[in-house]
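**Q** Below are the structure tokens for one structure; questions will follow.
The values are calculated or read from the model by the stated rules, or taken from the named source; none is laboratory data. Bear in mind that the values here come from a model prediction, so they are computed numbers and not experimental data. Here the Cβ positions follow ideal geometry from the backbone for every residue, glycine too, while neighbour counts run over all protein chains shown. Only protein heavy atoms, including side chains, enter the accessible area calculation; ligands, DNA and RNA are left aside. Shrake-Rupley method; radii C 1.70, N 1.55, O 1.52, S 1.80 Å.
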Amino acid sequence: MESLEYFLPQLWFFILGLFLFLYVLLDGFDLGVGILSITSSSEERRSLLMTSLGNVWDANETWLVLMGGSLFGAFPLAYGTVLNALYLPAVIMVVGLLFRAVSFEFRENSERKFFWNYAFGIGSFLAALGQGFALGTVFEGINVDAAGHFIGGPFDWLTWRSVLVALTLIQGYVLIGSTYLIMKTTGELQQTHFKTAKIATLTTFLGAVFITISTPIFYDSVRSRLFEAPQVYLFSLIPVACILLVFLLYRSLKQEREFTPLLWTVLLFFSSFLGLGFLIFPYIIPPSITIYQAASDTSSLVFMIIFVGFLIPILLAYTLYNYVVFRGKITTESYGE
């Protein structure tokens, strides 16, 4: 039993990380497409962008719901404390998601699409912004008492570092959205997103470099953990891998490849998540409360593992099937079919 008390929280930390990665990856590209739709030069182009999402975007947010439910069941203390600390960023995100969902449906049946066009784009931006502030707060840390309850102020999440993290995440979403559109479009529209992908690659990389360098400098708790063996050897490999992936991504964009830019971007997101995991583990409420302190009792974690063990393969199979069925290019002729 004692070994389970250490193993199960670690397993649930990994599962929650998987859910979060799948959400950021899958919903990230359609948030990026939504942000890019604001800059579309014509209604026809905007229609093509939104058509590329029409059959897949609803399922992407399933992973966010699953992650929230799993966090509540596996780490109830973290669920209450984190939501309390991130109440306003969560509101910003939810408002953005609501705007996006409503505008996507209303736009199809509206004769005057101007308002719904910008509601979709601004809603996507707000959702990404709220998520960026939440991620920035993870780097900053959450003020809690000895029992793990939030004791900070309502605007603790709003710092210059959280703003930088939010802007970098938005650029990351624009990057993966652009590489997705490169794969889904043709002609002049595809060329436009080769350009947006190149710009987003550089801006995301610069933001990530500054965050990576500044985090150990500003936070003693992170620095003390990162520069101890064997963490220092493992963590040092991640920036090297990310630099290599950025090089491969930019080269594939210059060569105007259609599929490899998305592949390199996915691997870049995965490498970044590994780095984030190294920074946080074993804390679920950085920098004070560990996964072992916040975990539910062993029987609850075992019961949830059985349930989620059946659910994950089903959701993965459905997601894969959905993208396979609706693969291929989006063209003017296919819009409205």
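**Q** In the range 64-82, is there at least one residue being surrounded by fewer than 17 Cβ atoms within 10 Å (Cβ to Cβ) and either among the polar types (S, T, N, Q) or under 16 Å from the mean Cα position of the chain (by Cα) (or both)?
**A** Taking every residue of the range 64-82 in turn, at least one turns out to be surrounded by fewer than 17 Cβ atoms within 10 Å (Cβ to Cβ) and either among the polar types (S, T, N, Q) or under 16 Å from the mean Cα position of the chain (by Cα) (or both).
**Q** Something else now. Please go through (1) under 19 Å from residue 32 (Cβ atoms); (2) open to solvent by less than 20 Å² (accessible area, probe 1.4 Å) for residue 148 and return the number of the only condition it doesn't satisfy.
**A** All conditions pass for residue 148, except number (1).
**Q** Tell me which helices (runs of 4 or more DSSP H) are completely within the range 138-243 and hold 2 or more residues being modelled with pLDDT of 85 or more and out of contact with any strand residue (DSSP E or B) (no Cβ under 8 Å at 6 or more places or on another chain), or say none if there are none.
**A** Details: elements: 160-184, 187-218, 220-226.
Helices (runs of 4 or more DSSP H) meeting the threshold: 160-184, 187-218.
**Q** State all residues of the range 280-311 that are touching a residue at least 24 places away in the same chain (Cβ under 8 Å), assigned to a helix (DSSP H, G or I) and farther than 30 Å from residue 215 by Cα; if no residue qualifies, say none.
**A** 298, 300, 301, 302, 304, 305, 308, 311
**Q** Out of all the residues in the range 7-33, which are closer than 30 Å to residue 113 by Cβ, touching a Leu at 6+ places or on another chain (Cβ under 8 Å) and crowded, with 21+ Cβ neighbours inside 10 Å?
**A** 27, 30, 32, 33
**Q** Among the residues of the range 34-48, count how many are surrounded by 14 or more Cβ atoms within 10 Å (Cβ to Cβ), of a type outside the set (A, V, I, L, M) and closer than 16 Å to residue 103 by Cα.
**A** Just the residues of the range 34-48 that are surrounded by 14 or more Cβ atoms within 10 Å (Cβ to Cβ), to begin with: 34-38, 40, 45-48.
Then keep just the ones that are of a type outside the set (A, V, I, L, M); that gives 34, 37, 40, 45-47.
The next check asks that each one be closer than 16 Å to residue 103 by Cα; those that pass are 34, 37, 46-47.
Final tally of qualifying residues: 4.
**Q** It is to be established whether one or more residues within the range 327-337 are in a helix (DSSP H, G or I), at negative phi and within 24 Å of the chain's Cα centre (by Cα).
**A** No, that holds for no residue.
**Q** State whether the residues of the range 87-96 include one that is open to solvent by less than 10 Å² (accessible area, probe 1.4 Å) and either small (Gly, Ala, Ser) or in a helix (DSSP H, G or I) (or both).
**A** Within the range 87-96, one or more residues are open to solvent by less than 10 Å² (accessible area, probe 1.4 Å) and either small (Gly, Ala, Ser) or in a helix (DSSP H, G or I) (or both).
**Q** So, in the range 104-127, exactly how many residues are of a type in the set (Lys, Arg) and open to solvent by 80 Å² or more (accessible area, probe 1.4 Å)?
**A** Adding up the residues that qualify gives 1.
**Q** Residue under question is residue 163, and the condition is that it be open to solvent by less than 60 Å² (accessible area, probe 1.4 Å), of a type in the set (A, V, I, L, M, F, W, C) and under 19 Å from residue 29 (Cβ atoms); does it hold?
**A** Working: open to solvent by less than 60 Å² (accessible area, probe 1.4 Å): yes; of a type in the set (A, V, I, L, M, F, W, C): yes; under 19 Å from residue 29 (Cβ atoms): no.
When the stated conditions are applied, residue 163 does not pass them.
**Q** Those residues that are among the aliphatic types (A, V, I, L, M), in a helix (DSSP H, G or I) and at pLDDT 75 or above, I need them from the range 44-74; list them, please.
**A** Selection gives 48, 49, 50, 64, 65, 66, 67, 71, 74.
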